[in-house]
Structures are given as C-alpha cells and as structure tokens.
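Chemist: One structure follows; several queries about it will come next.
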Amino acid sequence: MTPTINTLFDEDAIAARVSDLAGEIAVSDPHRLLIVAVLKGSFIFAADLVREMHRAGMTLEMEFMHLSSYGAGTEGSDNIRVLRDVESDVNDRDIILVDDILESGRTLKFAKERLLGRGARSVRVAALLDKPEKRKAAISADYVGFACPDKFVVGYGMDMGHAWRQLPFIGYVVPQEPAGGGEATGE
Ligand code: IMP
Ligand code: MG
C-alpha cells in the first residue's frame, strides 16, 4: 500500500526560503568560502542553495562529506561514521556546513570540530530544518530554513528507509495500521 504523505513545506515555500537564506549568507562576506554538503540528506538543498548564492553574487567552492549517524531506527546515535571525507585543504577558509536537519546536533558538532581541527578559519552551519527540542549536543545553526515540528520528515533529499528523497516538497508520512514504512538511514 502506498502511504499518505502530508505536505509540510511546499515547493514554492522552499524556493522562497532558500533564496532568502542565500541573501542572508551573502551579506556575511566570507573569506575563501567552502561549502561542505553533508551527504546524503542535504544534496537537493545544497544544490539549490549554491545556485541561489551564485545568483546573489557569491563566489564559492563546493565539497562533500558523507556521514552516517543512525545505527537502526529513527533515533540518532553517538556513533558517527565518516563514509567520505572532505578532500580540499580547509586551512584558513570560511566554511559553511550544509545539512538537511539539525536534530540531536551530534552529526554537525562532529563535522564542525573535525574541520576546525584541520585549521578552518570559521565553520558555520546552514540547516534546512531545525528540531531544537531534540538537541543533545551543544550546537546551533547560523542559518535555518524552517523550524521543524517533531515529526519524521521526508522529501527534498530526506529519506525514510532510503525512500522518498526524490519528492520536490517536504512532508511527513502519515502512520498506518499496521505500521508500515521503513527505517531512517541517518544520512
Ligand atoms: P542529528 O541527530 O542532528 O545528528 O541528525 C542526524 C541526521 O539524521 C540528519 O542530518 C538527517 O540526515 C537525519 N534525520 C534527522 N531527523 C530526520 C527526519 O525527520 N527525517 C529524515 N532524516 C532525519
Ligand atoms: Mg543529514
């Protein structure tokens, strides 16, 4: 049976907010800016954000870090695995980590400390969605797309059990009887 997905943020709302975020970032005038997209969940957000940053007149380079935090289920864990690391030299560069959701904060705290440890000049965080009530680590986002209700969301890059990343909007799966769906991958 195909589950019902309720829309939380539609395509127009996302596009308008991403454009505004690019404008907010542009006024910060970063030094040798490196955008680091945290895979997998950020891939659509990052793709849209960097193009809006270009339209806002910014110069940047792009890198990718693939981190995985979930063992199984939809709860994050302390066990963060680096599946792919940033290749570029980050020394003396302003970095913006781009991620889909800031939840416990463990993933982004890990990534931020890793890049600062390699000599980054600064590391800021751009999160499409923020779930502040779920925070476990001492970290906040410098740029937030939307505050997210305490629901498991999918679409616009975000998955449940590897499914739904392709949706052009952000929604949540309506629970069914008996419970269907899958498990998050934490990427
Ligand atoms: P953390 O708990 O802040 O370390 O977040 C870990 C990662 O889990 C996020 O970057 C997302 O990729 C994923 N995640 C957290 N909440 C959700 C959700 O509601 N839907 C899909 N993925 C999620
Ligand atoms: Mg993520």
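Chemist: Percent of accessible area on the stretch 1-158 owned by carbon and sulfur, 1.4 Å probe?
Modeler: The computed percentage sits at 47.
Chemist: Next question. Could you order the peptides 101-110, 157-166 from most to least packed, using the average number of other C-beta atoms within 10 Å per residue?
Modeler: Working: 101-110: 23.0, 157-166: 18.5.
Most protected by this proxy first, the peptides run 101-110, 157-166.
Chemist: How much accessible surface does Asp100 have with a 1.4 Å probe, in Å² rounded to 10?
Modeler: Accessible area, nearest 10 Å²: 20 Å².
Chemist: Follow-up. Given the protein chains as shown and a 1.4 Å probe, how many square angstrom of Lys134 are accessible, to the nearest 10?
Modeler: 50
Chemist: Can you tell me the dipole magnitude for the chain around its Cα centre, using point charges on the Cβ only (Lys, Arg +1; Asp, Glu -1), in Debye to the nearest 20?
Modeler: That gives the chain a dipole magnitude of about 420 debye.
Chemist: While we're on this one: Using only alpha carbon pairs under 8 Å that are at least six residues apart, calculate the relative contact order of the stretch 1-120 and give it in whole percent.
Modeler: Relative contact order for the stretch 1-120 comes out at 27 percent.
Chemist: Right, here's the next one. Only four residue types carry charge here, +1 at the Cβ of Lys and Arg and -1 at the Cβ of Asp and Glu. Report the dipole size of the stretch 83-187 about the Cα centre in Debye, rounded to the nearest 20.
Modeler: Dipole about the Cα centre, nearest 20: 300 debye.
Chemist: Hey, can you grab everything whose amide H is under 5 Å from the amide H of Leu39? Only 5+ residues off in sequence or another chain; H modelled, so Pro and N-termini drop out.
Modeler: Residues meeting the criterion, in which the H sits 1.01 Å from N, are Met65, His66, Leu67.
Chemist: Rounded to the nearest whole Å², what accessible area per residue is found for the chain with the 1.4 Å probe? Each step should come with its number before you reach the end.
Modeler: Details: 8920 Å² over 187 residues.
With the other protein chains kept in place, the chain gives 48 Å² per residue.
Chemist: Sorted by accessible area (1.4 Å probe), largest first, how do Thr59, Thr7 line up?
Modeler: The residues order as Thr59, Thr7, largest area first.
Chemist: Please report how many Lys pairs in the stretch 37-139 have alpha carbons closer than 16 angstrom, counting only residues at least 8 apart along the chain or sitting on separate chains.
Modeler: The result is 4.
Chemist: Using each residue's phi in the stretch 154-165, evaluate 6.51 cos²θ - 1.76 cosθ + 1.60 at θ = phi - 60° and report the 3J(HN,Hα) Karplus result to the nearest Hz, with x for Gly and Pro.
Modeler: Going residue by residue, I get 9, x, 6, x, 9, 10, 10, x, 6, 9, 6, 4 Hz, with x marking Gly and Pro.
Chemist: Taking only DSSP H segments of four or more residues, each worth -39500 (n - 2.57), what value at 222 nm results for the chain once the sum is divided by all its residues, to the nearest 500 deg cm²/dmol? Walk me through the numbers before you get to the answer.
Modeler: Working: 3 runs with 41 residues, N = 187.
That comes out to -7000 deg cm²/dmol.
The values are calculated or read from the model by the stated rules, or taken from the named source; none is laboratory data. This structure is a prediction, so every number in the text was calculated from the model and none was measured. Note that each Cβ is placed from the backbone with ideal geometry, even for glycine, and that neighbours are counted across all protein chains shown. Just so you know, the surface numbers come from the protein's heavy atoms only, side chains and all, with ligands and any DNA or RNA stripped out. Shrake-Rupley method; radii C 1.70, N 1.55, O 1.52, S 1.80 Å.
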